[in-house]
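Novice: Just passing along the structure, written as structure tokens.
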């Protein structure tokens with residue numbers, strides 16, 4: 001490999017660092033400034049002062065739904081490369097259909113269990 005092969009990586013690093021520095025500079029230039037009578041870091045939403053404290057409690061349902069999303073998102077992360085390389089693996093004589101069907105079956109059983117137990121229903 002020559003040094004020219006690393007040029008795209010160098011360009012990407014320069015762009016990433018430049019974007020980070022640019023965002024920080026814009027925040028410093030255009031962000032809130034401390035003025036007399038105002039607190040610099042006071043919370044606001046849509047230009048209005050907040051009327052409640054910022055300590056909102058979330059339901060456990062929110063976290064369960066988030067964990068289920070992550071679990072089934074990981075399923076897609078494993079299935080997409082498998083689908084793309086399935087033909088080459090089968091041509092090489094590597095049996096991959098059985099383990100992937102078992103993996104998908106276990107996730108389908110988990111999804112059915114979650115649907116029947118009502119873990120995905122918000123109104124209870």
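Every number in this text was worked out from the coordinates using simple rules, so none of it is lab data. This structure is a prediction, so every number in the text was calculated from the model and none was measured. Every residue, glycine as well, gets a Cβ built from its backbone with ideal geometry; the counts of neighbours run over all protein chains shown.
Novice: Sticking with the crude label model, points 7 Å out along Cα→Cβ, report the distance from residue 91 to residue 60 in nm, one decimal please.
Specialist: 5.2 nm
Novice: Taking the Cβ of each residue in 11, 71 as the centre, tally the other Cβ atoms inside 10 Å and list the residues starting with the fewest.
Specialist: 11, 71
Novice: How high is the FRET efficiency from residue 21 to residue 78, r the C-beta distance, R0 35 Å, rounded to 0.05?
Specialist: Taking R0 as 35 Å, the efficiency between residue 21 and residue 78 is 0.40.
Novice: Given the stretch 60-117, what whole percent of its Cα pairs are spread farther than 17 Å?
Specialist: 47 percent
Novice: Please compute the length gained on full extension between residue 113 and residue 71, using 0.36 nm multiplied by the number of residues separating them and subtracting their Cα-Cα distance.
Specialist: 13.7 nm
Novice: Sticking with this structure for a sec: Specify the inter-centroid distance of the stretch 1-29 and the stretch 91-124, based on alpha-carbon positions, in whole Å.
Specialist: Going from one Cα centre to the other spans 41 Å.
Novice: Please report 57, 87 as a ranked list, fewest other C-beta atoms within 10 angstrom at the top and most at the bottom.
Specialist: 57, 87
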